[in-house]
Every structure is written in structure tokens, then in C-alpha cells.
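Comments concern the structure below.
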Amino acid sequence: NKTREQLTKRIDALLSAHRKFDDPFWEELEEVLIMADVGHQSAGKLLDRLKARVRKEKIEESEAFREMLRQELAAIFPEPKSVAVPQGPEIVLVVGVNGVGKTTTIAKLAHRAQMQGRKVLVAAGDTFRAAAIEQLGIWAKRTGADFFTKGEGADPAAVAYEAVDAALKGGHDVVFLDTAGRLHTKVDLMDELRKIKRVLGKKLPGAPHRCLLVLDATTGQNALSQTKLFNEAVTVDEIILTKLDGTSKGGIVVAIALEHNMPISFIGLGEKMEDLRPFSGEDFAKALVN
Amino acid sequence: MFDSLADRLQSVFKKIRGHGRLDEKSVQEGLREVRLALLEADVNFKVVKDFVDRVRDRAMGQDVLGSLTPGQQVVKIVHDEMVELLGGEHLGLQLQGKTPAIIMLVGLQGSGKTTTAAKLALHLRRMKRSPYLVPADVYRPAAIDQLHTLAGQLGVPAFASTPEMKPVDICMQAREEAVRKGLDVLLVDTAGRLHIDELLMEELVAIKAAAGPQEILFVADAMTGQDAVNVAVKFDELLDLTGIVLTKMEGDARGGAALSIKSVTGKPIKFVGMGEKVSDLEVFHPDRVASRILGMGDILSLIEKA
Ligand SMILES: Nc1nc2c(ncn2[C@@H]2O[C@H](COP(=O)(O)OP(=O)(O)OP(=O)(O)O)[C@@H](O)[C@H]2O)c(=O)[nH]1
Ligand SMILES: Nc1nc2c(ncn2[C@@H]2O[C@H](COP(=O)(O)OP(=O)(O)OP(=O)(O)O)[C@@H](O)[C@H]2O)c(=O)[nH]1
Ligand SMILES: [Mg+2]
Ligand SMILES: [Mg+2]
């Protein structure tokens, strides 16, 4: 990427000339951040922190500056909370807008859990979209996870309820509940998620133990609104950022971390079930600015 | 559609229009806010920069339209540039030439290609055409099923592809089948792919070469951020797109990707997806949308009189 190369060169050039960080330099850095979808406001916050540190610590070398930039970026991201492993099955609810990668991410998480020797059930809570159930069914087969479905058109809350039953009976360690993609602005569909959550809690105290919000790394500022409204509906515990194998930087999660202090647990790097990595704030920061 | 971008810009304009005399400083001020509104709507940074520069140049060197206040003139310039950015009148599907006509849908993963194929089938049937849905995504689990299910809901025929077939063969066989069945428009649903995936992009080039489609529509998610331009440019470079479909526009997406993609490819936005149902497709009227974004009903009529 040319802009990023230029920035690195510019940091080097500026500092090798032993000149101060000038306005054009900060403008250029802002441009890099905005082009990575960090957003104007969050980029501003970040720049303020950097400017203060540059002044205070009298930073002059480019490597030191880049290191500081990485530190500041990485420090924004909170660690995912570790969930106390519940008695009985752990119930994981997966939510997000249309097409972000919920179903595929469930396949990846199921694969990972299977590899760790856990007994996995995936439940087809998307009873709405054409062939969503078949899609999850195929993934269940490929990952070796057990599969629960009540068929197309079934009430997703009923699927959730009965999936917990199935897991209790089947002795599963973890249940991943897929849900239909929905725009966060659709009140009735968000209420449906609330209901699913309520039903799970009634069926099994403490469930769902984790709510995962799946975000697409190509998304721009709208991801802020997605995070806010899904969090209001079901209290999001973690974010999973998909499609980072493209050229998008996913910088919107910087804004999300700054505004919502929401941890990111995993990133998606492809369409195969192996293409999931734990999120590292440091690696993410490196990729964002280098 | 574009509501919150519209709100932002309109409040900027209210301020500008309030100025009796408009000096360089207040123009700069106004433009800074226009810039922010566009960036917050995810319009690409470079597109915003060019846009603001053009408006500034014109606003500073403007020929004074006597009957407008300086504030109104700036608003008019922004409007003109916005119409330019979005494109003029609606351009429908161009299906002249060989029968059956072929429409290819391409784009990133999850953007809405399969759903849009079904929506277009309904649109075409309403235009008294006989569409044929062709599933050419042999990779995504149950992608063929998905299109067949939608076809079933619509009562539109769909080609019986299998995941073992090659996408190019699917298209060629589907075309023969369409001729036999007397169907006159093929809607080819391709697998989602990254623009940097050379192998898969080659596959699209091969389908294009073999099938010779009249329309290659780039299906893009309205919530896409800054990278939209890189993706669109790459698809356009390799395939010479004929148009754009913007999906998931019924939410609160500010839709800056639309402005960006149109601006960098020059290709028209032809349709907008406004929901998950097969009937949730709207034809796109750039001129009307530009006016709506800018909330210009009142000032436009003033300008037209001038
Ligand atoms: N390149 C890439 N593609 C991905 C990734 N994750 C998912 N996909 C693709 O994105 C598309 C949508 O994925 P799904 O898992 O069906 O998304 P979803 O959120 O379940 O979609 P809906 O249920 O329709 O809302 C598919 O083509 C996936 O293969 C990723 O990390 N990288
Ligand atoms: N809200 C909303 N959802 C849409 C719209 N268009 C498509 N979708 C949804 O977006 C998701 C992805 O749509 P698909 O048609 O499967 O997308 P695709 O591009 O074919 O996906 P891949 O084949 O995996 O690349 C599904 O949940 C659709 O229902 C729209 O205009 N509005
Ligand atoms: Mg799904
Ligand atoms: Mg598809």
C-alpha cells in the first residue's frame, strides 16, 4: 500500500532530518488512520495522545515513534474476559448484521473446540434465510460437530430452548447458536434476539454464557452503530472481526474499543474452518500502520 | 436511504445559507463541515478531498448568479457536484444484443449477490422477460441450494448446477438450456471472492469471455468503509463492470461507499437493495437522491427560477 509506505518513509525522513513533527506530518498520519476506517473522531483522539507523548518524551527517532504508535494503538484494546466454565454446556450466542460471516465463524469456532477435545453442538437458529440451515448442516458435518435443527420457519427461540435440552442430554461441552443476520435498526428483529436470550437464561441459568458480535472488517463507521444496538439488545461480550484476509484494515475496531471498550477475541482470515486466529492488539496495530 | 448524511449536510447548509455575505473564511468553515459529514458517511478520503477542492475552487471563482445569496450559491455548487458524483438519470438494464441476454453478479463475500439475483429475477419478470437463475457458486456451502430455494419462492426456473461442475461449464450449459426452454435472460450468481484472489478473479474473467454477458453488476454492501474503492477498482479493471448494486441500504448506513464507488469507476448505480425479501429492490435515481441528500427542494426551485 502506497500511503502506508509513504508514511513510513515520511516518518523516517522527518526524523532523520531532526526536524519537529509538523502539521503536514500529523495530517498525513490522520489520513492513514481515516483510510483504515478508524474514523475522524477516533483518529483525532489518538493523535492527541501521540502529540502529547512526543512532546513529553521528546521522541525524535522514527523507530521510537513507530513503536509508540503501536503501543498506543494496542493499549486501546481490552482483554477478552475469561468466562468461568459453567457446569454443563457453555452456550454461545452469535449475532450480527447480514452476511458478515456468522455461520462460517461458528464453523471455525466449532472446529477449534473440537480440536481442543470438546464435544460441540451447533444449532440452526437462522430459520429464515434461504438454505441457512443446509449451510450450517454442511459445516457441522465437515467439523464433526453435532447438529441441531427444527427446520425452516421454526421459532428461533424454540430452537434455542430445545438445543439446550439436546446439549444437556447429549453431554455437549459447548453449543454455538447461529442466528439470522439482521440490521440493528430493525426493532422487531432485535426484540427477537432479546427473546432468544431470555429463553436461554430461563432454560439454563447463566446462559448464554457468551454473546459474540461478528463484524465484517470491510465495514466503515456503521459498525459503531451495529455495536451499540446489538450490545443494547443482548449485551455483547466479545467481537469477532472477519474478512481481515482482504485489503481492509478493520480500523473501525479502534473506534469501537475507544467508545465501547469491547474486547475482540478472534479474527477471521478466510473461508475455511481453519482460518481463525486469536486477536492480538499488537499485531493488529502493526498491520494498521506499517 | 442516505438519511443521516442528508441531516448532516442540511444543517451545514442552513448555517451557510444564513450568511448574508460569504467571505473566504465562512466558505472554508462550511467546507470543513461538508468534509467531515462525507468522511463520517465513509466516503473515501481521496474522493472527499477532490470533492471539497472542486467545490472550493468553484465557490471562490464563481460567476455571481445575481438573484442568489452567496450562501445559496455555495449550496448550489455542492448540489451540482453531488449530482455529478452520483451520476445523472437512472440507467436501466441494457440487455440488447444476443438472446438469451446474460447478467453476471460479482462482488465480495456476503455482499448480497445471491439475494440480488433473485430480486432481479422478479424485476425482470415484471418487465415481461423470462429470467433463468443460474447458480455458479460452487464453493460456498449450500450456495446452490440458496438460489434454488429463492427461485422456488418466486416460481422462476433455475439451472440444476452441482458443486462438482466448473462455473464456466455451468454458464454454457445453462445458456443452451435457456434456449431450449425459451428463457431470455440468464442471471448468473457467482461466488463471493476477494479482489486480490487472483485465481478466483481469473475465473470471473473466464466466465465473461465464454458467456459474453451484457451486464456485469458489482454488488456492494452499503456499510462498506474506505476500502470500497480498492475493491471496486480491481473488479472494474478486470471485468469492465457495467453497473453497481448497493445492498442493505434500508438501515442506518450513510452509504458513502456509493459515492466512492461511482466516483472511482464511473459506473452507474443501477439498483439499491432495501431489505432481505425478494421484493426489496429499488431502481436508483441519482438525480433524485442527490436532491434528497441535500434537502434542496426549496433552494432548487429558487435556482431553477434564477
Ligand atoms: N474472505 C473471507 N470470507 C469470509 C470470512 N468469513 C466468512 N466469509 C465469507 O462471507 C460470506 C458470508 O458468510 P456467512 O457465514 O454465510 O455469513 P452470515 O453472517 O452467516 O450471513 P447471513 O446468515 O446471511 O447473515 C461467505 O461467502 C463466507 O465464506 C473471512 O474471514 N474471510
Ligand atoms: N438487510 C438486508 N439484507 C440483505 C440485502 N441484500 C442481501 N441481504 C442479506 O445479506 C446476506 C448475504 O446475502 P447473500 O445474497 O447470501 O450474499 P452473497 O453476496 O451471495 O454472499 P456469498 O455468496 O457468500 O458471497 C443475507 O442474509 C441476505 O439476506 C438487503 O438489501 N438488505
Ligand atoms: Mg448465517
Ligand atoms: Mg451467494
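When every Cα-Cα distance of segment A:179-290 is counted in 5 angstrom steps from zero, the calculated P(r) takes the values 2, 11, 21, 22, 19, 14, 7, 3, 1, 0 percent. In this simple spin-label approximation, residue B:283 and residue B:205 carry label points 7 Å from Cα along the Cα→Cβ vector, and these lie 3.5 nm apart. Listed by chain and number, the aspartates and glutamates placed with their C-alpha closer than 14 angstrom to that of residue A:9 are A:28, A:61, A:63; residues fewer than eight positions away on the same chain are left out.
Per-residue mean of foreign Cβ neighbours for B:227-236 is 3 (Cβ atoms of other chains, 10 Å radius).
What accessible area per residue, rounded to a whole number of Å², is obtained for segment A:136-202 using a probe radius of 1.4 Å? Mind dumping the intermediate values first?
On the way: 2960 Å² over 67 residues.
Dividing the accessible area of segment A:136-202 by its residue count gives 44 Å².
In segment A:28-127, a dipole from Cβ-located charges (positive for Lys and Arg, negative for Asp and Glu) runs towards its positive end, and of A:115, A:54, A:33 it is A:115 whose Cα lies farthest in that direction. Residues of segment B:237-266 whose accessible area (probe 1.4 Å, heavy atoms of protein chains only) drops by at least 40 Å² once all protein chains are present, relative to their chain alone: B:248, B:250, B:252. From the Kirkwood radius over Cα pairs of chain A, Stokes-Einstein at 25 °C and 0.890 mPa s returns a whole-number translational diffusion coefficient of 121 µm²/s. Listed by chain and number, the lysines whose C-alpha is less than 19 Å from the C-alpha of residue A:243, apart from same-chain residues fewer than 8 away, are A:102, A:108, A:272, A:286, B:113, B:234, B:248. Reported to the nearest whole Å, the Cα centre-to-centre distance from segment A:59-73 to segment B:67-122 is 44. The angle between the Cα long axis of helix A:132-143 and the main principal axis of chain A comes to about 80°, on a 0 to 90 degree scale.
Normalising the Debye intensity of segment A:99-158 to I(0), with uniform scatterers on Cα atoms only, and taking log10 at q = 0.12, 0.19, 0.22, 0.25 Å⁻¹ returns -0.26, -0.64, -0.82, -1.00. The accessible area of residue B:263, taken with all protein chains in place and a 1.4 Å probe, comes to roughly 50 Å². Across segment A:12-143, Cα-Cα pairs farther apart than 24 Å form 55% of the total.
Total Å² of accessible surface buried at the B-A contact, 1.4 Å probe, nearest 100?
Values: alone 13800 and 13600 Å², together 24310 Å².
Chain pair B/A: roughly 3100 Å² of buried accessible area.
With respect to chain A, whose longest principal axis is taken over its alpha-carbon atoms, helix A:2-16 is tilted by about 40°. Looking at segment A:249-290, which trypsin sites (Lys or Arg not before Pro) are DSSP coil and have at most 13 other C-beta atoms within 10 Å of their C-beta? In loop regions of segment A:249-290 (DSSP not H, G, I, E or B), the sparsely surrounded trypsin sites (Lys or Arg not before Pro) are A:272. A dipole drawn for segment A:154-206 from +1 and -1 charges on Cβ atoms has a positive end, and of A:206, A:179, A:156 the residue lying farthest that way is A:206. Could you list log10 I(q)/I(0) for segment A:37-88 at q = 0.26, 0.30 Å⁻¹, which the Debye formula gives when each Cα is one point scatterer? The calculated log intensity ratios at q = 0.26, 0.30 Å⁻¹ are -1.06, -1.19. Along the Cα-to-Cβ line of residue A:87, 7 Å from the Cα, sits a label point; which residues in segment A:157-176 have backbone N less than 20 Å from it? Answer for segment A:157-176: A:164-175.
If one puts a single equal scatterer on every Cα of chain B and applies the Debye formula without solvent, what log₁₀ I(q)/I(0) results at q = 0.09 Å⁻¹? Log-scaled intensity ratios, in q order: -0.49.
Contact residues in segment A:169-191 (at least 30 Å² less accessible area with all protein chains than alone, 1.4 Å probe): A:183, A:185, A:186. Other residues lying with their Cβ under 12 Å from the Cβ of residue B:231 contribute a combined charge of -2, Lys and Arg counting +1, Asp and Glu -1. Taking Cβ atoms as reference points and 15 Å as the exclusive limit, the residues near residue A:112 contribute a net charge of +2, counting Lys and Arg as +1 and Asp and Glu as -1. The trypsin sites (Lys or Arg not before Pro) of segment B:248-295 include none that meets both criteria, a DSSP state outside H, G, I, E and B (loop) and at most 11 other C-beta atoms within 10 angstrom of the site's C-beta. Scaled to the globular estimate 2.2 N^0.38 Å, the Cα spread of the protein assembly as shown, given as radius of gyration, is 1.01. Under 28 Å of direct C-alpha separation, and excluding same-chain neighbours fewer than eight residues apart, residue B:25 reaches these lysines: A:45, A:51, B:14, B:15, B:46, B:49, B:76.
The accessible surface of segment A:69-125, taken with every protein chain in place and a 1.4 Å probe, is 50 percent carbon and sulfur. In this calculation the C-beta distance from residue A:119 to residue A:79 is compared with R0 = 22 Å, giving a FRET efficiency of 0.20. Scanning chain B for GluC sites (Glu not before Pro) that sit in a DSSP loop and have at most 10 other Cβ atoms within 10 Å, the longest stretch containing none of them is B:165-306.
Against chain B, whose longest principal axis comes from its Cα atoms, helix B:198-211 is set at around 70 degrees. Hydrodynamic radius of segment B:131-205 by the Kirkwood approach over all distinct alpha-carbon pairs: 12.7 Å. Just add up the charged neighbours of residue A:198: K/R +1, D/E -1, any other residue whose Cβ is under 14 Å from the Cβ of residue A:198. With Lys, Arg at +1 and Asp, Glu at -1, the net is +2.
The values are calculated or read from the model by the stated rules, or taken from the named source; none is laboratory data. Quantities reported herein were computed from a predicted structural model and do not represent experimental measurements. Cβ atoms come from the backbone with ideal geometry, glycine included; neighbour counts cover every protein chain shown. We work out accessible area using only protein heavy atoms, side chains counted, and drop any ligands, DNA or RNA first. Shrake-Rupley method; radii C 1.70, N 1.55, O 1.52, S 1.80 Å.
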